[in-house]
Structures are given as structure tokens and as C-alpha cells.
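Accompanying notes for the structure given below.
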Amino acid sequence: MQIYLPIAEVSVNAFLLLGLGGIVGFLSGMFGVGGGFLITPLLFFIGVPPAVAVATGANQIVASSFSALMAHLKRKTVDFKMGGVLLAGGLVGSALGVWVFNFLKTLGQVDLLVNLFYVVFLGIVGGLMMIESLRALSRAKHAGPYKAKKRGRGIVQTLPLKMRFRASGLYISVIPPFVVGLSVGVLAAIMGVGGGFIMVPAMIYILGMPTKVVIGTSLFQIIFVTAFTTLLHATTNYTVDIVLALLLLIGGVIGAQFGTQVGAKLKAEQLRIALASLVLIVCGKLAFDMLITPSDLYSIGSN
Amino acid sequence: MLRLIAILCLALLSPLPLRAEEVVLGLSHEEIRITTRFDGSDILIYGAVKRDETSAPDLPLQVIITVAGPSGPTTVWRKERVGGIWMNTDSVEIDRAPSFYAVATTAPLKEILSETEDLRHKISIPRAIRSVGAPQNIDDAEAFTDALIRIHERNHSYLTAEGAAQLHENTLFDTNITLPSNLTEGEYKIRIFLTRDAAVVANYETPISVRKVGLERWLYALSREHALLYGLLSLALAVAAGWGASTFFALIKR
């Protein structure tokens, strides 16, 4: 069933969009990532103009993240206090990111820079997660129970403004989570994603949060940051397509529910390896596209 | 058939103008309406050649029909390999390029239209695009215009259909033009040219509007005129869907 999108001004298959939303929602629920780094490139691929894909993707992330968050709220795996600190950083970062984005736009080459950001960050994050998880798995196999490395000693522990995060079982300074939220906000605005794929590992490896509360807490932060981004796009660029969003989110919220259930059954290490593989695949695809000779050297720019 | 008879009657009854040959036109649609289920559209363009009795056509008449979408400036980029990575390096701004352009003719365009007439009436695709000048550093500006045409042709938004128009009895003509699904809104322009011996002997121009209707129009207008409200509505929809799905699933599990 073809449907004409009022803002994107293209006609696409409604079932394709439902399916796409479903797959991304499933992954989003399972890993606690918004799925923006998947949905945006997929929308480009089916012919939605990039500006509309980025803006509408943000709106879709709100929906699937909300659905997934509800499931986490029931299991009480959300650290609101930590989420609040991350969010404060995130909103500042996102405003900063939009400013950086517009600055890059005046220099031209914004597409290339966005792609480079994707490849670099997906590559680093995916690679680190993969190595760490594989190491943890092999340790678990050979040396019995896995002893958690003492994390977060050093700078993170010496900073002032300490606060107790009961749900995470942490007593740390608010500065590291604020900085994490801020940098994710900047990247999220530039790359047009929620930023979960950067925040989740940052929360585990930098803040030392237990994996159990990481996903729910990152979802909490992502919802507000992407909602803010959606509003910015809707009021400045008029690029949010509500029909496209509706179709994606119907698929997305249903997928997210299934994803959360599957995620709860898997072991943390398995989850990390699966997420790392996914991130590396997307990274590899983007890197490959930048390196191979394009089928047409010319392209029509959007004015 | 009835339609053709109607046109003939129209052609016979209306008062004769000064010109020897003139076009009387009919369209299958008065306007193209973009609804939610819009998936491209075919438009039938038909008409008749009205002529006063003194003109005796010795050479056969040819018909060229063009449909042009709204025009605007377009930037064409060219990629180059820089340090192993393909990136946009050169760009040329095309002053005016239509968003859609179709040419349907009764015979190969080159045989029925001279270069000078094409230049005057801007009929063929390369002529319908206006590119004034390229920046100093680009010496092959034509490659950019060619690329623009190539990309549009690949998307079916530029088409040349030589021989797709029919002319019967030197009087009645018709053609069918397929408008793609990624049509943009605006005033489209239909032009009919009658040529003889590669020269234009008569032409006719009429607009046809392509516009969004119903829900499409309402949402589009809302997004432009009440952007904040529209943004909040999108978010409300997102939250409601997310909340609805999780509540629904919780009920199922119970």
C-alpha cells in the first residue's frame, strides 16, 4: 500500500515503513539504544530526503524509547537521579551541537563530516565493547566467576560535588555524568541520533554503573534530548513528517516491547557482544561507502 | 470517441481567429490532487488543430507537448577522491531547473524542431534548464548540467518520449504523460507546439495545478503555520503510541 508523505513529498510503501520501525524498535528495546543510527541511514536508503529522515528519526526515537522505558520502569531499572544529571548535560550539549552543526554547514561538507563522525565513533565504541566483552566471556569460561575490575579509581573519584546515586549504588561526583551527558548531546545533535550507543558504554566504563540500570537510565535521558531535537527541527526547518513518524512508531513501539523481553532474557555479556557487532556492521558499511568509487560522481544538493 | 467529437464540434463552432492554425486543448484532469494514497498519476492531454479554410497545409504537421514543474535554482556537486575518501569538491549552481519536465513528440525531436526554434521556445530538456555561468575554477560546466539531467532521468522526473504523441488526420492529437509519485506541489505548465518543416507554426500554453488536498494539505499547512503546535503534536503522538503499546502488552501478559 503506497502512501504519500506530506512533508517528505515522496510516496513510499506503508508496510515497508511499519517493518522498518518494527526492526529498529526491537533493537532499541533490546539494547536500550534509540536506534537513530540505524533508522536515519535506512530512511535515506528508501528515498526519504536526508533532512526529513534526521528530524523524523528523532521523533520516532521518542516513541520507541518511551515504550521501552515503560517496561524498564516496571522492573525498576531506572536511576532517575543519574538520568537527571545526564539530561541536564544533554540539553546543554544538544544546544551546543546544533550551533556546531550550523557552523559546519557554513563551511560546506557537512554530510562528509557527519559520516566521518559516524565511522569514527561507531568504530571506537563498537571495537572497545567487542574486545571487552569477548575478554570477559573468555575469562568467565576459563577462570570461574568473573571478578569485576575495580573501575573508576583515579580522576573520577577525586572530583568534588559528590552525590549518592542509590539506584546505581554509586557515590561519585556529578561532574563526570554531566560531562558524559553533554558530550553525548553534542554528538547526538551533529549526528541526528539519540546517542544511546555512545552513552551506554560511557555509563558502564566511565561512570561504572551496573549494566542493569544503564539501559533504563539512558532511555530516560534520550527521550528528553530527542524530544528537544524534534521540536527544534519542527520549528526551524519544518522537516518533521508526522505521517512518516506515525508509521515508523507504530512498528517501533511494538518492536520495542518484544525487544525488551528478549533483552531481559539475555546475559549482559551476550547483549554487549550483539550490540557491538551491530555497531561495527553499520560502521563498516558507512566506511565502505566513503571509500568505494560512487556509481555517480555527481549529486544534486538540496538548497 | 465522444470526447473527440466534442472537441471537433468545439473547433468548428468557435469563431475563427486571425491565425491560420491554432490549438484547442483538453486535459483529463483540471488539477492533480495529491491525496494520502497518491502514487503518481497519468495525465491525458488531447486536442485539435483549428485552421481557417484558406490555409492549405502541404507539409505534414508535427506536435510537441511539454509539461514542466516549478523551476528553481539547484546545486550540482561533484565528488573527488581526497586522501582515499570520496568527498564533494566542486559545485555548480544551475540557475533554473524544473522539478519535473516531460517532452512528448510525434517524431524524433531533432527532425521536427530546428536548433534555433528550440533555443527560442526552450523545448528540449537541455534548453529548459538555464545555466548562466559556472565558477572560474570549473572548466567543464556542461558536465554538471548533463549530470543534473541524467539524475533526473533516472528518477523519472525528466522524460523525453519521442513518438509518444499521436496526430490523426493532421487535426487531432493526444498523448499520455506519467507523473511520478515523488511529485512536488506547484503550478505546472503544459505547452503544445505545432511544427512544420522544423519551425514552430503555432503554440499554446496552459497551467495545471498540482496540489495536496485533504489530510495532506491540512498537515502541510499546520507544519508551516503552527510549527510549534505541529512539533508538540508529533511528540504527543510518539508518547501516546509508546505508552499505548506498553500498556497493551502489559494487559496481554496478565
In degrees, nearest ten, helix A:50-74 long axis to first principal axis of chain A (Cα) = 40 degrees
Go ahead and run the numbers for FRET between A:D111 and A:Y205, Cβ-Cβ distance against an R0 of 25 Å, rounding to 0.05.
-> 0.25
Would you mind ranking A:T236, A:T56, B:T106, A:T211 so that the residue whose beta carbon has the fewest other beta carbons within 10 Å leads the list?
-> A:T236, A:T211, B:T106, A:T56
Fewest-first ordering of B:D118, B:D95, A:D79, B:D139 by Cβ atoms within 10 Å yields B:D139, B:D95, B:D118, A:D79
Restricting to Cα pairs under 8 Å and 6 or more apart, the percent relative contact order of chain B works out to 26 percent
Picking from B:L232, B:L113, B:L183, which is most flexible by a Gaussian network model of chain B using Cα springs under 10 Å?
-> B:L232
In terms of the Cα gyration tensor, with a ≥ b ≥ c the square roots of its eigenvalues, is chain B rounded because a/c is under 1.5, prolate because a/b exceeds b/c, or oblate?
-> oblate
Summing -39500 (n - 2.57) over every DSSP H run of at least 4 residues in the protein assembly as shown and dividing by its residue count gives a helix-only mean residue ellipticity at 222 nm, to the nearest 500 deg cm²/dmol, of -18000 deg cm²/dmol
Total Lys pairs in the stretch B:2-212 closer than 26 Å by alpha-carbon, pairs eight or more apart in sequence or interchain only?
-> 7
Using the alpha-carbon atoms, what tilt in degrees (0 to 90, nearest 10) does helix B:2-13 show relative to the longest principal axis of chain B?
-> 50 degrees
Listing B:D146, B:D42 by rising number of other beta-carbon atoms within 10 angstrom, fewest first, gives B:D42, B:D146
Among the aspartates and glutamates, select those whose C-alpha is under 20 Å from the C-alpha of A:K212, and discard any that sit fewer than 8 residues away in the same chain.
-> A:D79, A:E132, A:E269
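Quick note: the coordinates plus some simple rules give every number you see, no bench work behind them. Everything numeric in this text was worked out from a predicted model, so none of it was measured. Neighbour counts run over all protein chains shown; Cβ positions are idealised from the backbone, glycine included.
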